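This report concerns only the one structure given below.
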Amino acid sequence: MPRNPPEGMPRVIPYLFYNDVAGAVQWLEDKFGFKKRFEMPGPDGSIMHADMTMDDGVIMMGRASEEAESKSPSELAAVHQSLYVYVADVDAHFEHANKAGAQIVLEPEDMFWGDRMYAAKDLEGHHWSFAQHIKDVAPEDMKPPGM
């Protein structure tokens, strides 16, 4: 009997839609350090699906299409989702992404829940937060500034 989920796949995987999947794969490699694991060409020869990894995390992506009623964020008026990714050194990750030209929307900052994080948008507008856990905070002590 096959393993479920398959070997190397977590139970929950974000699936993102892009107008240009091949461009997104290259961009996510260059700017954020993801590694391409798998690409599936469509009938027209362009990439219609890809899997990428970062350490033990996996993301999948596919082509936005009318048939699947899916759109890239570049076609929407507001952020409708965000991905939260833990990295070993958030400041080094930020420096690389910033120098590589990622659109930074929040500079690295220590958060009240114990993470240091920054946020950026990718080439089609997906919102990404990258974090490093720097302090354990009890749930009862997690209060936004000013509370």
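Laboratory data are not the source of any read-out in this text; all were calculated from the coordinates shown. What you see is a predicted model, and the numbers here were worked out from it, not measured in a lab. Glycine also receives a Cβ, built like all others from the backbone with ideal geometry; neighbour counts cover every protein chain displayed.
The table for this structure:
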| item | result |
| --- | --- |
| Expected 222 nm ellipticity per residue - DSSP helices of 4 or more, -39500 (n - 2.57), all of the chain, to 500 | -4500 deg cm²/dmol |
| Placed amide H near Met48: partners under 5 Å, 5+ positions off or other chain | Met40, Gly42 |
| GNM flexibility winner over the chain from Val25, Val58, Val137 (Cα, springs under 10 Å) | Val137 |
| Sorted by Cβ neighbour density within 10 Å, fewest at the top, the residues Lys135, Lys71 | Lys135, Lys71 |
| Within a Gaussian network of the chain (alpha carbon springs, distance under 10 Å), most fluctuating of Glu107, Glu124, Glu69 | Glu69 |
| Most mobile of Arg63, Arg37, Arg116 in a GNM of the chain (Cα contacts under 10 Å) | Arg37 |
| Ascending count of other beta-carbon atoms within 10 Å, so fewest first, for Met147, Met117, Met9 | Met147, Met9, Met117 |
| In degrees, nearest ten, helix 21-32 long axis to first principal axis of the chain (Cα) | 30 |
| Neighbourhood net charge (13 Å Cβ-Cβ; Lys/Arg +1, Asp/Glu -1) for His133 | -2 |
| Reach of Lys135 by Cα under 16 Å, taken over lysines that are not fewer than 8 positions away in the same chain | Lys143 |
| Filter on Lys71/Lys99; Lys71/Lys121; Lys36/Lys121 - keep pairs with C-alpha separation over 26 Å | Lys71/Lys99 |
